[in-house]
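To keep things clear, I will list the structure first and then write my remarks on it.
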Amino acid sequence: MRDEPFAGVIGRYHDESTPSWPQPLRAPEGAPNVVIVVLDDVGFAQLGCFGSDIATPNLDRLASSGLRYSNFHTTALCSPTRSCVLTGRNHHSNGMGRVIEIASGFPGYNSRIPFANGFLSEILVDAGYAAYAIGKWHLTPEDECHAGASRARWPLGRGFERFYGFMSGETHQFVPSLIHDNHMAPPPYGPESGYHLTTDLVDRAIGCVRDLRAADPDKPFFLYFSTGACHSPHQSPAEWIARYPGAFDAGWDVWRQEALRRQISMGVLPVGTELSPRPDWVPPWDSLSTDERRLYARYMEAFAAFLSHTDNEIGRLVDYLRRTGDLDDTLLFVLSDNGASSEGGPTGSLNDVRPWNGVTTTVEEALEHLEEIGGPRWHNNYPWGWTVAGNTPFRRWKREVHEGGVADPLIVHWPRHAREAGFRRQYVHAVDIVPTVLEAVGMSAPTEIRGVAQRPIEGTSFFSSMADPASPERHTTQYYEMFGCRALYHEGWKAVTYHPIMQTEPGFDADEWELYHVTVDPSECHDLASEESDRLHQMIERWWVEAGRYQVLPLDPRPLPALVHERPLSVPHRKRYVYYPDAAPVPELVAVNVKNRNHRIEAHVTVPEEGAEGVLLSQGSLLGGWCFYVARGALHYVHNRAATQPDHLHGATALHPGPHTLAFDFAKAGEHRGRARLLADGRIVAEGTIEHFTPGRFSVTGVGVTCGYSNGLPVTDEIDPPFRFNGTIDLLFVEVDGEPFIDPDEEADAVIAMQ
């Protein structure tokens, strides 16, 4: 937004001066509202309107009265795709060649979206729009996602005027780690009162529109609404899970066949589309044991419930826009950020923090908790047989650039312009959304935002195809790269190669390229590499040209943790960490690292007359972590390694009223094991050994260190959150000895295990 030059006259006195007021900023006449709904890890075949038998009636209604783009593509991963959707530039151009947690020190991978790549929010606000971001963000460098960091790359720093959601790639759906505008905030109520994140997000989105309309009935708005669904954990209210008992007992092989039949029948895919072969590493459903089938079906029931519940909540938002009269004049997109996820592994995941800590989940253990899957106590994800099914009829999945990773559903709904519902087969990519919105609004991309010269938009508008199904395809060439997997789309053909994650030998030059005529073979069933070798070689050469143009190079297959640990720290490590009661949670990245190190927690407290209760210091949650606390007047410590058998020290003597020095000591006695002691005023009140201290991560959902209270899913069931300390914490610090523990090989093994 530029300051207008003063157009009046300024004399010595008012009677010889002429005032001139800046003109109020208003959007172009007839500019529509813009709503972009981004679903997470929802595969091409998982919405009802794209062939699923999972109930998504609200999205189906939008599709039936709008447009379904069945040749829409993404980058194969969440942060990269979201950067494309919001900037109109390719993910490497945005520094988002990967997700923020595994950035590296090259321009295409540093996770710092240049200010020269303006966000759609920045463009539209400068044109007279309101702009709101609700839900998952995942576009700020990980080392800037804490209370001491710059907010320049937080949502409000990139043009949005309100934000409510979470910064990381995933969060607990019943007890999320939330940000409200520029500060951390607890959920408004707990799961025992019916809280669920998706419901909360819709309430906030409705509130933003309500507040705007109360003040200005005509101002258009841009709403970026990004759910946590359906990324793991697949969690939803119990009554939604109860809708799906037995729904998936026939298994993934039958589901794939039925999904393709529905896709062809409803017109999502052309007649003659073939089902890609089930991968060799996914077992036939009929080969599984009875227990395996029962468990894997339950995992899928939890996913289906999560998606149906999300559809219901999106329906509430759409109904509100209908009631305010905004819906008919709203350009609404619904898309997924990548294909269905394989991160549940071959047998599904009960707790996604376990692979980071060398802990496995057996079928037997998961069956013991079968009825809890989908609820708040577990961080569940389905096995990859359901991933393949969710991407029907395509090959492979999220994180890879075969169609299963990059082909996604896209619904466009705009009654004022796209009056005739139907399908569109033009090739469209995530980078095309920004130029399409700008054409719909009647704007050109600005050459400057906030004094920063802007790079050209790299996407191509598909606005013309909304009104004309015969409109020619305008986006004719698109490169892909993710973790070394590469592809090039060009005029109906696709060259593609798979590179195993973190494989260094043999190198990239040994990868075998495939070639598909995807116009007639969308499911990549017929490799024409040998028959069309000249075409393939030309496309491979063109891929290298595109890679050089868009900052894809260098290709880097090194173990992902090695890339993380080479980057500089935004907050240097120190030997002594002081924590303060009721401060915002401190994320694990910048919190004290107590793994595989001697460490001491020391609290100087005053116990009240009625006796002490409450948390002194805690990190993590019931899914993994530790807690130093007072209960029933006595001192306690619990260590919980990824929700396995906890190590618990219980002090036997109640603390008398008055000042005390309370401590927990851990002395290494081997790798990830050691002697633990609780001390009150220098006297040992409990001691024992921790044989398996957490080696990798305490949390994958953003749960940090809290002082004087616990988060809403405490490390131990003995705590009723927030279990605030009822005395006074005068001083609390943690002292650590030795360098922070980092074992790239162990973390690399964990990453491979998750894949």
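Values in this text are rule-based calculations from the coordinates and carry no lab data. Nothing here was measured: the structure is a model prediction, and the numbers come from that model. For neighbour counting, all protein chains shown are included, and Cβ atoms are generated from backbone atoms with ideal geometry for every residue, glycine included.
A few remarks follow.
- The chain: radius of gyration over Cα atoms, expressed as a fraction of 2.2 N^0.38 Å: 0.99
- The stretch 576-739, dipole about Cα centre (Lys/Arg Cβ +1, Asp/Glu Cβ -1), debye to the nearest 20: 420 debye
- Contact order relative to length of the stretch 576-739, as percent, for alpha carbon pairs under 8 angstrom and 6 or more apart: 38 percent
- Summarising the amide proton neighbourhood of Gly88: residues at separation of 5 or more, or on other chains, whose placed amide H is nearer than 5 Å comprise Val434.
- Equivalent ellipsoid semi-axes - Cα gyration tensor, the stretch 60-163, angstrom: 24, 19, 13
- Where trypsin sites (Lys or Arg not before Pro) fall in DSSP loop in the stretch 317-403, at most 13 other Cβ within 10 Å: none
- Inverse mean reciprocal Cα-Cα distance (Kirkwood Rh) of the stretch 576-739, Å: 15.4 Å
- Semi-axis lengths (Å, descending) of the ellipsoid that matches the C-alpha gyration tensor of the stretch 311-452: 38, 20, 17
- Separation between Cα centres of the stretch 240-293 and the stretch 690-724, rounded to whole Å: 38 Å
- Within the chain, the longest segment free of exposed loop sites, counting chymotrypsin sites (Phe, Trp or Tyr not before Pro) that fall outside DSSP classes H, G, I, E and B and have at most 14 other Cβ atoms within 10 Å, spans 282-755.
- Fully extending the segment from Arg574 to Glu505, taken as 0.36 nm per residue of separation minus the present Cα-Cα distance, adds 21.1 nm.
- Taking 14 Å as the cut-off, the amide N atoms of the stretch 683-701 that come nearer than this to a point 7 Å along the Cα-to-beta-carbon line of Gln645 belong to 689-693.
- With Cα atoms defining each centre, the stretch 49-64 and the stretch 519-554 are spaced 33 Å apart in the structure.
- Considering only the Cα atoms of the stretch 569-672, their convex hull presents on average a projected area of 7.8 nm².
- Mean separation of Cα contacts under 8 Å (6+ apart) over length of the chain, as relative contact order %: 16 percent
- Each listed q (0.11, 0.13, 0.21 Å⁻¹) maps to a log10 I(q)/I(0) for the stretch 318-402, found by the Debye formula over equal Cα scatterers with no solvent: -0.49, -0.62, -0.96.
- Chain lengthening between Ala445 and Arg632 when straightened (0.36 nm per residue, less Cα-Cα): 61.0 nm
- Virtual spin-label span in nm between Ala583 and Gln538, 7 Å along Cα→Cβ: 6.2 nm
- Phi to ³J(HN,Hα) by Karplus 6.51 cos²θ - 1.76 cosθ + 1.60 over the stretch 154-164, Hz, x for Gly, Pro: 7, x, 6, x, 10, x, 6, 9, 9, 9, 8
- The Ala185 and Arg724 beta-carbon pair, evaluated with R₀ = 22 Å, returns a calculated FRET efficiency of approximately 0.85.
- Charge dipole magnitude, Cβ of K and R +1, D and E -1 - the chain, Cα centre, debye nearest 20: 1120 debye
- Residue by residue, the stretch 577-583 carries 3J(HN,Hα) couplings of 10, 9, 10, 10, x, 6, 5 Hz when phi is fed to the Karplus relation 6.51 cos²θ - 1.76 cosθ + 1.60 (θ = phi - 60°); x denotes Gly or Pro.
- Shape index of the stretch 566-628: Rg/Rh, with Rg the Cα radius of gyration and Rh the Kirkwood radius from the inverse mean 1/r over Cα pairs, equals 1.00.
- The stretch 381-499 - Debye-derived log10 I(q)/I(0), Cα point model, q = 0.09, 0.14, 0.15 Å⁻¹: -0.34, -0.77, -0.86
- For the stretch 1-125, a/c is not less than 1.5, where a ≥ b ≥ c are the root eigenvalues of the C-alpha gyration tensor, and a/b does not top b/c. That puts it in the oblate class.
- Directionally averaged shadow of the stretch 488-583, computed from the convex hull of its alpha-carbon atoms, nm²: 11.3 nm²
- Across the stretch 277-284, computed HN-Hα scalar couplings (Karplus, 6.51 cos²θ - 1.76 cosθ + 1.60, θ = phi - 60°) run x, 5, x, 4, 7, 9, x, x Hz from first to last residue, x flagging Gly and Pro.
- Given the chain, longest segment not containing exposed loop GluC sites (Glu not before Pro) (DSSP; at most 14 other Cβ within 10 Å): 30-273
- Stokes-Einstein D (µm²/s) once Rh is taken as the Kirkwood radius of the stretch 204-339 over alpha-carbon pairs, at 4 °C in 1.567 mPa s: 71 µm²/s
- Cβ-Cβ FRET estimate between Glu671 and Glu420, R0 fixed at 41 Å, reported to 0.05: 0.05
- Rg and Dmax of the stretch 226-302, based on Cα coordinates, read 14.9, 40 Å.
- Length gained on full extension, Glu239 to Trp281, computed as 0.36 nm times the residue gap minus the Cα-Cα distance: 11.7 nm.
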